[in-house]
Amino acid sequence: MLFTLARSPQQCDFSLIVKLVAQDDALLLMQDGVLAALDGSEACELLSQHVQSIYVLSEDLAARGLVGQISHKITLIDYTGFVALTEKHTQQTAW
């Protein structure tokens, strides 16, 4: 399953989302969800401990002036990569 997070980790039940993502699932951080990718943040530490496949949308990082500030454990993708994730994961859940 592909989980997409478009809300800030402070504006949702972030710990629940992390618990729901299984071993074979992927999590895409987009819109304000990219804040969870900030290197050294509490949200990023929680993600790196529990989620295997984490992606962040580069266009949303750039729009928020956060390029170069994300954890090296998170994969940076563009919209083409987003489409590839949706093709790979037929089931999706948006947060």
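Here are a few things to note about the model shown:
- Taken over region 25-37, the criterion of being closer than 18 Å to Lys73 by Cα and surrounded by fewer than 19 Cβ atoms within 10 Å (Cβ to Cβ) is satisfied by Asp25 alone.
- Residue list for region 25-41, restricted to those being assigned to a loop (DSSP other than H, G, I, E, B) and more than 10 Å from the chain's Cα centre (by Cα): Asp25, Asp39, Gly40, Ser41
- Search result, residues across region 2-24 that are open to solvent by less than 20 Å² (accessible area, probe 1.4 Å), part of a loop (DSSP other than H, G, I, E, B) and closer than 19 Å to Lys73 by Cβ: Val21
- Number of residues in region 78-91 that are farther than 14 Å from Ser53 by Cβ and either in contact (Cβ under 8 Å) with a residue 24 or more places away in the chain or more than 14 Å from the chain's Cα centre (by Cα) (or both): the value is 5.
- Positions within region 51-95 being more than 14 Å from Leu2 (Cβ to Cβ) and aliphatic (A, V, I, L, M), in sequence order: Leu61, Ala62, Ala63, Leu66, Val67, Ile70, Ile74, Leu76
The values are calculated or read from the model by the stated rules, or taken from the named source; none is laboratory data. Because the structure is a prediction, the values reported are computed rather than measured. Cβ: placed from backbone, ideal geometry, glycine included. Neighbour counts: every protein chain shown. These area figures cover heavy atoms from the full protein model, side chains too; ligands, DNA and RNA do not enter into them. Shrake-Rupley method; radii C 1.70, N 1.55, O 1.52, S 1.80 Å.
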